[in-house]
Amino acid sequence: SMQRRLNRMLDSSHDDKLLALVDVEGFVPKEITVTVKDGKVKVLAEHREEHTTPRGKECNYKNIMKEISLPPGVSEDEVTYSL
């Protein structure tokens with residue numbers, strides 16, 4: 001399940017300064033944007049697929065947007081992330 005997967009990721013991360021985990025399964029790195037601004041970390045993932053079918057064009061779109069406030073005393077330039 002997703003909760004077990006997240007727990008495994010948390011257990012395997014020995015970083016006590018971990019702010020958040022965002023599940024972006026189904027997105028490729030180029031579809032994910034992370035910005036740090038105004039004391040917040042914003043994660044945006046957008047995926048769009050277009051298919052032509054006998055009935056016409058079909059478009060599938062999904063996105064995730066998470067905004068996490070930085071804890072007091074954490075500077076924006078200290079923030080790092082990895083995919």
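Please treat every number below as a calculation from the coordinates, not as lab data. These numbers come from a predicted model, not from an experiment. Methodologically, a virtual Cβ is constructed for each residue, glycine included, from the backbone with ideal geometry; neighbour enumeration extends over all protein chains shown.
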Exercise. Taking R0 as 22 Å, what's the FRET efficiency between Ser75 and Phe27 from their Cβ-Cβ distance, rounded to 0.05?
Worked result: 0.20
Exercise. Residues with beta-carbon under 14 Å from that of Ile32, excluding Ile32: net charge, scoring Lys, Arg +1 and Asp, Glu -1?
Worked result: +1
Exercise. Residue by residue through the range 43-55, which ³J(HN,Hα) values in whole Hz follow from phi under the Karplus form 6.51 cos²θ - 1.76 cosθ + 1.60 (θ = phi - 60°), with glycine and proline marked x?
Worked result: 10, 10, 10, 9, 10, 9, 10, 10, 10, 9, 10, x, 8
Exercise. Percent relative contact order of the range 22-71, based on C-alpha pairs within less than 8 angstrom and at least six residues apart?
Worked result: 34
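Given 0.36 nm per residue, what is the gain on full extension from Glu67 to Thr53 after removing their alpha carbon distance, in nm?
1.4 nm
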Seminar exercise, completed: Note, the range 70-76: 3J(HN,Hα) by Karplus (6.51, -1.76, 1.60, θ = phi - 60°), whole Hz, Gly/Pro = x, goes 6, x, x, x, 9, 7, 4
Problem set entry | Positive minus negative residues near Glu58 (Lys, Arg vs Asp, Glu; Cβ under 11 Å) | 0
